[in-house]
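This is the structure I have questions about; it appears just below.
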Amino acid sequence: MTDKKQAKKKYYRKRVDFLLLLAKIKLWPSRNGTLHGIKEMETKGEYAYITTHCEKKILVHNSKNGRAARWIRNKWVVGSCKDCKIPDWKLNKFSSTFFKQHYGSQLYSKQSVSLKLMK
Ligand SMILES: [Zn+2]
């Protein structure tokens, strides 16, 4: 046992809206399995422009079955970006986030999820 506080487990539906999910967790998995922190995110319909803290710009399609969505759901990540300096609490929060078929938040856009993230 460590005296480090365990992050509370958070459940989302597997079919959760991918862009809303990204806006919520503010993490992006790159193709080599590195997690980046999302600094800014701007949605344009079914697309979003993401800028990471290490100034990478990514155009993301809102697809629940896309690579990034699957990687996030399955947590196929091998590390986190040094330049993004993702705080430990955020990584802990991510590792205690789970995706279930029939249980968890749907993250409807009505909920207080800001898609235009503050700096
Ligand atoms: Zn990065």
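The values are calculated or read from the model by the stated rules, or taken from the named source; none is laboratory data. Treat the numbers as computed from the prediction; the structure is a model and nothing was measured. In this analysis, Cβ positions are derived from the backbone assuming ideal geometry, glycine residues included, and neighbour counts consider all displayed protein chains.
So, LYS8, is that one more than 15 Å from LEU107 (Cβ to Cβ) and basic (Lys, Arg) or not?
yes
Right, next: Looking at (1) in a helix (DSSP H, G or I); (2) more than 16 Å from the ligand (Cβ to nearest atom); (3) touching a residue at least 40 places away in the same chain (Cβ under 8 Å), which is the only condition LEU91 fails?
(2)
In the stretch 61-89, how many are over 18 Å from ASN32 (Cα atoms) and either among the aliphatic types (A, V, I, L, M) or in contact with a Lys or Arg (Cβ under 7 Å, 6 or more places away or on another chain) (or both)?
1
Being within 16 Å of the ligand (Cβ to nearest atom) and among the basic types (Lys, Arg) is the filter here; which residues of the stretch 50-78 pass it?
LYS56, LYS57
Also, quick follow-up: I want to confirm something. Restricting to the stretch 79-88 and keeping residues that are part of a loop (DSSP other than H, G, I, E, B) and surrounded by fewer than 18 Cβ atoms within 10 Å (Cβ to Cβ), which single residue is nearest to the ligand (Cβ to nearest atom)?
ASP83
Suppose the filter is crowded, with 19+ Cβ neighbours inside 10 Å and either among the polar types (S, T, N, Q) or part of a loop (DSSP other than H, G, I, E, B) (or both); does VAL16 pass it?
yes
Filter the stretch 103-116 for residues that are touching a strand residue (DSSP E or B) at 6+ places or on another chain (Cβ under 8 Å) and at pLDDT 60 or above and give the result.
Within the stretch 103-116, TYR103, GLY104, SER105, GLN106, LEU107 meet the criteria.
When the stretch 50-65 is examined, which residues are found to be surrounded by 13 or more Cβ atoms within 10 Å (Cβ to Cβ) and part of a loop (DSSP other than H, G, I, E, B)?
Once the filter is applied, which keeps residues that are surrounded by 13 or more Cβ atoms within 10 Å (Cβ to Cβ) and part of a loop (DSSP other than H, G, I, E, B), the stretch 50-65 yields HIS53, CYS54, LYS56, ASN62, SER63, LYS64.
Also: Given LYS85, LYS57, which one is under 14 Å from LEU27 (Cβ atoms) and at pLDDT 95 or above?
LYS85
Can I ask one more? I'd like the residue in the stretch 29-49 that is of a type outside the set (Lys, Arg), part of a strand (DSSP E or B) and out of contact with any helix residue (DSSP H, G or I) (no Cβ under 7 Å at 6 or more places or on another chain) and, out of all such residues, is farthest from the ligand (Cβ to nearest atom).
TYR47
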